[in-house]
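Only one structure is covered here, and it is reproduced in the block below.
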Amino acid sequence: LHTKAFVIDGVIGYVGSMNFDPRSASLNTEMGVVFSDEALAKELQSIFDDETLPEMSYRLALENGRPVWRDRSNRTERLLRREPDAGILRRLIAGAIRFLPLESQL
């Protein structure tokens, strides 16, 4: 389960699993919680800031139409041409999914 979370004006926050698109609103049964609490919003913002530091995340880009990932590991920037932390089985499944007619579900 991956979380969707945000803070508005340092006071209002949301934590949940629902995507913010029409499909998720009409088909999914996922949910979230909206709150108004400055201390909790500050804590949520702090967690987000820590988790999105360059040392904790990847920067995705296209090179010649192909995705590449950049990260900072051990204070050195790396260029990765394969999805980080994705083994061969995960890459094979992702490759096979490309051929399924999923466009109408996006």
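The values are calculated or read from the model by the stated rules, or taken from the named source; none is laboratory data. None of these values were measured; they are calculated from a predicted model. Neighbour counts run over all protein chains shown; Cβ positions are idealised from the backbone, glycine included.
Counting residues in region 64-85 that are within 18 Å of the chain's Cα centre (by Cα) and among the small types (Gly, Ala, Ser) gives zero. Among residues of region 9-31 being surrounded by 14 or more Cβ atoms within 10 Å (Cβ to Cβ) and of a type in the set (Gly, Ala, Ser), the one that is farthest from the chain's Cα centre (by Cα) is GLY13.
May I ask you to verify whether LEU44 is in the same structural domain as HIS2 (by TED's automatic domain parsing), over 19 Å from HIS2 (Cα atoms), among the hydrophobic types (A, V, I, L, M, F, W, C) and in a helix (DSSP H, G or I)? I'd like the intermediate steps shown before the answer.
Values: in the same structural domain as HIS2 (by TED's automatic domain parsing): yes; over 19 Å from HIS2 (Cα atoms): no; among the hydrophobic types (A, V, I, L, M, F, W, C): yes; in a helix (DSSP H, G or I): yes.
In short, no.
Could you check how many residues of region 60-86 are outside any strand (DSSP E or B) and loosely packed, with under 10 Cβ neighbours inside 10 Å? Counting residues in region 60-86 that are outside any strand (DSSP E or B) and loosely packed, with under 10 Cβ neighbours inside 10 Å gives 6. Collect the residues in region 32-43 that are loosely packed, with under 10 Cβ neighbours inside 10 Å and in contact with a strand residue (DSSP E or B) (Cβ under 9 Å, 6 or more places away or on another chain), keeping them in residue-number order. Selection gives VAL33 alone.
Conditions (1) farther than 29 Å from PRO84 by Cα; (2) among the acidic types (Asp, Glu), marked per residue:
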position	(1), (2)
VAL7	no, no
VAL33	yes, no
ASP37	yes, yes
ASP49	no, yes
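Taking the stated definitions as given, is GLU30 touching a Lys or Arg at 6+ places or on another chain (Cβ under 6 Å), closer than 24 Å to PHE6 by Cα and either among the acidic types (Asp, Glu) or part of a helix (DSSP H, G or I) (or both)? Here the answer is no, as GLU30 does not meet what is asked.
The C-beta contact set for region 44-65 (first residue farther than 28 Å from ILE12 by Cβ, second residue at pLDDT 90 or above and of a type in the set (D, E, K, R), distance under 6 angstrom, 6+ apart or interchain) comprises ARG59/ARG70.
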